[in-house]
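Structure record follows, encoded as structure tokens.
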Amino acid sequence: MEKKRFAQVGVGGRARMYYKALAETYNETSELVAFCDINRTRMEFANELLETEYGYHAVPMYGADEFEKMIKETKPDTVIVTSIDRTHHRYIIKAMEMGCDVISEKPMTMDAKKCQEILDAIDRTG
């Protein structure tokens, strides 16, 4: 069985439960393929936890300005959005436009306009 591929954007404090679950609980069916964040130190720390705490391998790291490059290079099936709330809509929409499914922590976004943009992207991308 081929593993489902996940990339995670935003690796601050609220992100750990997602990458920990992929590394431990869902390791048989899932693969974490990349981190994306504005802060390289946070990604390095997350990779250190993957290796030392969860017995997993480090994953490639991409800056926030390299989100599209990350998707093109790592080809995730699903993008997990755990970035700062005000940026959720940008990553959700772009990931769907690039052919990925999306899992987003709550809140999905910050206001009705951004929510409508996400709903419109769902309609556009299926």
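The values are calculated or read from the model by the stated rules, or taken from the named source; none is laboratory data. Just so you know, these numbers come straight off a predicted model, no measurement behind them. Cβ: placed from backbone, ideal geometry, glycine included. Neighbour counts: every protein chain shown.
For the reader, a short list of remarks on this structure follows.
- Boolean, ALA46 is at pLDDT 95 or above, in contact with a helix residue (DSSP H, G or I) (Cβ under 7 Å, 6 or more places away or on another chain), surrounded by fewer than 22 Cβ atoms within 10 Å (Cβ to Cβ) and more than 30 Å from ARG124 (Cα to Cα): no
- Taking segment 90-113 as the range and being farther than 20 Å from ARG42 by Cα, buried (at least 17 other Cβ atoms within 10 Å of the Cβ) and modelled with pLDDT of 95 or more as the test, the residues that pass are ARG90, ILE92, ILE93, LYS94, ALA95, MET96, CYS100, VAL102.
- Apart from one condition, TYR18 fits all of (1) crowded, with 18+ Cβ neighbours inside 10 Å; (2) touching a residue at least 40 places away in the same chain (Cβ under 8 Å); (3) under 15 Å from CYS100 (Cα atoms); the exception is (3).
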